[in-house]
1. Quick one: length gained pulling D26 to L76 fully straight, 0.36 nm per residue minus the C-alpha distance?
2. Let's test the formula: R0 of 35 Å, r as the Cβ-Cβ distance of T36 and R89. What FRET efficiency results, to the nearest 0.05?
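Read the figures in this text as sums done on the coordinates, not as results from a lab. Because the structure is predicted, anything quoted here is derived from the model rather than measured. Note that we place each Cβ from the backbone using ideal geometry, even for glycine, and neighbour counts take in every protein chain shown.
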Amino acid sequence: MLHPPSRLEPTDTAQTPSLRAAVPPDDRLPTFGEVTAFDTAEATSAWDRLTPEQQRKIGALAVELAIVGGSTKFDLGWQLKHLDAAYDRADSLLQHFYEQTEPLWADFYGWRAQ
C-alpha cells in the first residue's frame, strides 16, 4: 500500500540528514532526487540486494504484467469486451505489482544497508 507523504520526510534529505535518520527504513519515502537518480545501475544493485524469493516473486509479477499488459498494445482482433477485460486485468496487475513491491523500497534504495 502506498503511504501518504510523511511530515518527517524532507523534500531534500541532503539538507536534513537528521530527519532522514529519524525515519525507519520501512517508513521512508524516496525523495525527488532519489527517484530521478534511480537508473539501470541502481536497479541492478537493487535486484542484487533482494533475496531469491523476493526476486522470484517480483519476476513472476513482472512477467504476468508484461504478458497481459503487452496484449493490449497490439491489434489482436479481439472483441471490444475482451479488450476491455484485458485492460482491466492489466490495471489490476499493475496495482497488485505496486502493492507487492512498495514494502521493498527500503531494499531497492539500499536504506537498510546505510
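1. Details: separation 50, 0.36 × 50 = 18.00 nm, distance 4.22 nm.
Length difference between fully extended and current span is 13.8 nm.
2. On the way: r = 31 Å, r/R0 = 0.88.
The calculated FRET efficiency here is 0.70.
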